[in-house]
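Notes for the one structure printed next.
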Amino acid sequence: MNKNVVIKSLAALTILTSVTGIGITLVEEVQQTAKAENNVTKVKDTNIFPYTGVVAFKSATGFVVGKNTILTNKHVSKNYKVGDRITAHPNSDKGNGGIYSIKKIINYPGKEDVSVIQVEERAIERGPKGFNFNDNVTPFKYAAGAKAGERIKVIGYPHPYKNKYVLYEPTGPVMSVEGSSIVYSAHTESGNSGSPVLNSNNELVGIHFASDVKNDDNRNAYGVYFTPEIKKFIAENIDK
């Protein structure tokens with residue numbers, strides 16, 4: 001069947017089910033099939049791993065890499081200062097893992113868009129397991145590596161204010177890995193900056209920082225691949 005006919009049929013199905021109130025789940029599944037590499041799942045429970053490893057900024061994402069320590073992008077951290085706040089794995093109006101003050105920001109000295117942020121251990125607003133940051137979050141572990149064709153997920157907060165800090169999980173294949181660069185086909189948006197790039201075992205492959213502006217099936221997203229040098233920098237700057 002002609003691709004345009006398929007898309008038009010899907011649009012008609014969407015309109016029909018919107019009017020009748022029937023088959024909403026079917027529409028979602030068909031739309032995901034039509035854009036195979038734009039699969040995005042809305043996370044319902046952020047109090048389970050791997051979602052407990054993710055944190056939200058006002059307009060971006062970060063994730064936990066160790067005691068009182070999170071990772072995000074330089075282009076995110078440049079808009080923050082000591083005393084500003086982050087929220088551990090918020091889930092809209094369904095609660096979060098606590099709110100914490102930033103106490104230190106350390107940018108990676110190389111060209112890669114990586115920034116370590118240390119937070120105060122005691123929460124300004126407590127999480128479900130008390131006031132201690134480390135009791136309310138789960139640090140990620142590193143993957144052994146990544147290669148083209150492997151599936152990844154990018155967990156984060158696209159358009160956090162607009163989406164009321166709901167966590168989303170787009171998935172797709174790795175397109176290439178070269179040096180400290182990883183390219184993948186996953187539907188990311190503004191606000192996903194600083195999101196963890198994870199393999200199927202929820203292990204860290206890299207950190208997301210950008211995506212193509214075009215919105216079609218050939219749209220790629222870009223991350224910093226965690227080389228030994230970057231891992232060493234992160235390890236040296238985890239709060240003691």
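With N as its number of residues, region 51-140 has a Cα radius of gyration that, divided by 2.2 N^0.38 Å, comes to 0.99. Only Cα pairs under 8 Å and 6+ residues apart enter the sum, and on that basis the relative contact order of region 151-232 stands at 29 percent. Residues in region 182-191 carry Karplus couplings, in order, of 10, 10, 8, 9, 9, 7, 10, 9, 4, x Hz; the curve used is 6.51 cos²θ - 1.76 cosθ + 1.60 with θ = phi - 60°, and Gly or Pro positions show x. Extending 7 Å from the Cα toward the beta-carbon at both LYS67 and ASP135 defines two label points whose distance is 1.7 nm. Between GLU236 and LYS147, the C-beta separation translates, for a Förster distance of 22 Å, into a calculated FRET efficiency of about 0.20.
From the cross-link list LYS44/LYS232; LYS67/LYS147; LYS58/LYS81; LYS58/LYS147; LYS58/LYS162; LYS104/LYS231, which pairs have alpha carbons spaced over 22 Å apart? Check vs 22 Å cut-off fails for LYS44/LYS232; LYS67/LYS147; LYS58/LYS147.
Short to long, the 5 Å bins of the Cα pair-distance histogram for region 151-232 hold 3, 17, 28, 25, 17, 8, 3, 0 percent of all pairs. Its Cα gyration tensor gives region 43-102 an equivalent ellipsoid. The semi-axes, each the square root of 5 times an eigenvalue, are 19, 12, 11 Å from largest down. The modelled label-to-label distance for the pair GLU125/SER59, using points 7 Å beyond Cα in the direction of Cβ, is 2.1 nm.
Restriction of the chymotrypsin sites (Phe, Trp or Tyr not before Pro) in region 155-213 to DSSP coil positions whose beta-carbon has at most 11 other beta-carbons within 10 angstrom yields TYR161. Between amide H atoms placed 1.01 Å from N, distances below 5 Å from GLY156 occur with TYR168, all of them 5 or more places distant or on a separate chain.
Coordinate-derived values only; no laboratory data. Just so we're clear, the structure is a prediction, and the values are computed from it rather than from any experiment. Here Cβ is always computed from backbone atoms with ideal geometry, including for glycine, and neighbour counts include all displayed protein chains.
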